[in-house]
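Let me begin by presenting the structure, written as structure tokens, before commenting on it.
The values are calculated or read from the model by the stated rules, or taken from the named source; none is laboratory data. Because the structure is a prediction, the values reported are computed rather than measured. FYI the Cβ positions are ideal-geometry reconstructions off the backbone, even for glycines, and counts take in every protein chain you see. For accessibility, only protein heavy atoms count, side chains too; no ligands or nucleic acids. Shrake-Rupley method; radii C 1.70, N 1.55, O 1.52, S 1.80 Å.
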Amino acid sequence: EKGTYPHFMLKEIDEQPIVMRKIINEYQDADNALKLDEDIRKAMQETDRVYIIAAGTSYHAGLVGKEFLEKLANIPVEVHVASEFSYNMPLLSEKPLFVFISQSGETADSRSVLVKIKELGHPALTITNVPGSTLSREADYTLHLHAGPEIAVASTKAYTAQIAVLAILAVDTAQAKNLNLDFDPLQELALVANAMEVLTDQKEEVEQLTRNYLATTRNAFFIGRSADYNVSLEGALKLKEISYIQAEGFAGGELKHGTIALIEEGTPVIALATQENVNYSIRGNVQEVVARGANALVISMKGLEQDEDAFVLPKVHELLTPLISVVPLQLLAYYAALHRDCDVDKPRNLAKSVTVE
Ligand code: M6R
């Protein structure tokens, strides 16, 4: 039920701090250590390469998860769009582990990959919000997102739940492999939940930004580097999906290889700056587009901000910034759709779960 909310999407954006806390509870044992199925732990230890398979927003969460698994657990990861993998399978490693990420657990493109890799005899883990779903039943193992039902077609709380569970999976694997980590995911996720609360209280500010940057535009660009690039893809998908503004996410450094030709007087460019090692270079990219007339909206993280930034995010662990930088992007998309009188929860041409290939 929507309760007092005008739309499910807004309610689900607001639920994100609660979902983070629920995930912390569900994946914590009595001694505050991580609690995960032994069989999953074993499968993660045995594999030499993880293949993440997903679509849409879940694919974007997979891109963030790749970073966790590689940086924290030292496992090579490939992330594939399900519909591509299905018909163009890459060479597999000796001991692949397939990880399906799917809010609904019913996405046909992912299921088709699951059927194929099961025929080949490979193990599969499904990370889903619906434990009884097809992808969950047909895989060997399941990790539950605990996000509660997601009704709006535009996925919000499932994306952040997927990222949180992937962080827990990566750290659990690192611990099982006796890797020395200076990162307590449960503590860090608790800080993320608090930061998300601050952000969901800033709706008026984001609505004003929507008026300033997206009111009449027909297109918009999202740029970022490294972790911010992954989130810029998700920000663009949210915006196009519900407001029908043509939006694309780009790697900051890639602009000059073509896309910058599209920048005109007044083109909105939303830039994320949450990563210390690329802060200088993304700022350079912002200058390049501003010099060509762009209307640049910089969203930075506390500690990295500059005077001209339109929005500053509370500080969280650098690996977990996607969990918070996405919140103002979800709200920007929401208000852009609202201001254009679009059907926020049920955008045209889209279904909540895509059960055809
Ligand atoms: O249920 P799934 O996570 O497998 O769905 C995958 C995509 O269809 C889904 O994320 C879609 O891109 C969303 N509508 C995006 O908001």
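Compute the distance from the alpha-carbon center of the range 45-69 to that of the range 281-296, in whole Å. Using only Cα atoms, the two centres lie 31 Å from each other. The H on the amide N of PHE100, modeled in the peptide plane, is under 5 Å from the matching H of ILE53, LEU125, THR126, ILE127, each at least 5 residues off or on a different chain. For the chain, DSSP calls about 5 percent of its internal beta bridges antiparallel. Helix 203-214 versus the longest principal axis of the chain: what angle, 0 to 90°, nearest 10, using Cα atoms? Once rounded, one gets 60 degrees. Since only SER300, LEU92, GLY148 are under comparison, the one whose Cα sits farthest along the positive direction of the charge dipole of the chain, derived from C-beta charges on Lys, Arg, Asp and Glu, is LEU92. Under a 5 Å amide H cut-off, with hydrogens placed 1.01 Å from N, ILE75 pairs with GLU70 among residues at least 5 apart or on other chains. Using Cβ point charges alone (K and R +1, D and E -1), the dipole size of the chain about the Cα centre works out to roughly 560 debye.
Highest-first packing order for the peptide set 84-91, 292-299 is 292-299, 84-91, based on the mean count of other beta carbon atoms within 10 Å. Cross-link check: pairs LYS66/LYS302; LYS302/LYS352; LYS157/LYS315; LYS71/LYS302; LYS66/LYS315; LYS95/LYS238 evaluated at a Cα-Cα cut-off of 30 Å; pairs beyond the cut-off: LYS302/LYS352; LYS95/LYS238. Using just its DSSP H runs of length 4 or more, each adding -39500 (n - 2.57), the chain gives a mean residue ellipticity at 222 nm of -14500 deg cm²/dmol after division by all residues. The H on the amide N of THR267, modeled in the peptide plane, is under 5 Å from the matching H of ASN295, each at least 5 residues off or on a different chain.
When the chain is treated as a Gaussian network with alpha carbon springs shorter than 10 Å, the biggest mean-square fluctuation among ALA236, ALA291, ALA190 belongs to ALA291. Across the chain, the relative contact order, built from alpha-carbon pairs under 8 Å that are at least six residues apart, equals 19 percent. Note on the chain: with neighbouring protein chains present and a 1.4 Å probe, carbon and sulfur make up 47 percent of its accessible heavy-atom surface. Accessible area per residue (1.4 Å probe, heavy atoms of protein chains only) ranks VAL79, VAL198 as VAL198, VAL79, with the largest value leading. Highest-first packing order for the peptide set 225-235, 347-357, 68-78, 9-19 is 225-235, 9-19, 68-78, 347-357, based on the mean count of other beta carbon atoms within 10 Å. Counting only alpha carbon atoms, the long axis of helix 157-176 and the longest principal axis of the chain meet at about 50°. Of the peptides 272-278, 156-162, 201-207, the order by per-residue mean of other Cβ atoms within 10 Å, starting with the highest, comes out as 156-162, 272-278, 201-207. Take every Cα pair under 8 Å whose residues are at least 6 apart in sequence, average their separation, divide by the length of the range 257-357, and the relative contact order is 21 percent.
When only Cα pairs below 8 angstrom with a gap of at least 6 residues are kept, the range 54-176 shows a relative contact order of 28 percent. Applying the Karplus relation 6.51 cos²θ - 1.76 cosθ + 1.60 with θ = phi - 60° to the range 74-90 yields 3J(HN,Hα) values of 6, 10, x, 9, 10, 10, 10, 5, 4, 5, 7, 4, 3, 10, 9, 6, x Hz, where x marks Gly and Pro. Can you give the angle from 0 to 90° between the axis of helix 108-119 and the longest principal axis of the chain, with both taken from C-alpha atoms, to the nearest 10? Value to nearest ten degrees: 30. Find the centroid of the Cα atoms in the range 8-43 and in the range 216-274, then give the distance between the two in whole Å. Taking the Cα centre of the range 216-274 as reference, the centre of the range 8-43 is 31 Å away.
Spatially, the range 311-357 and the range 150-168 are offset by 11 Å when compared through their Cα centroids.
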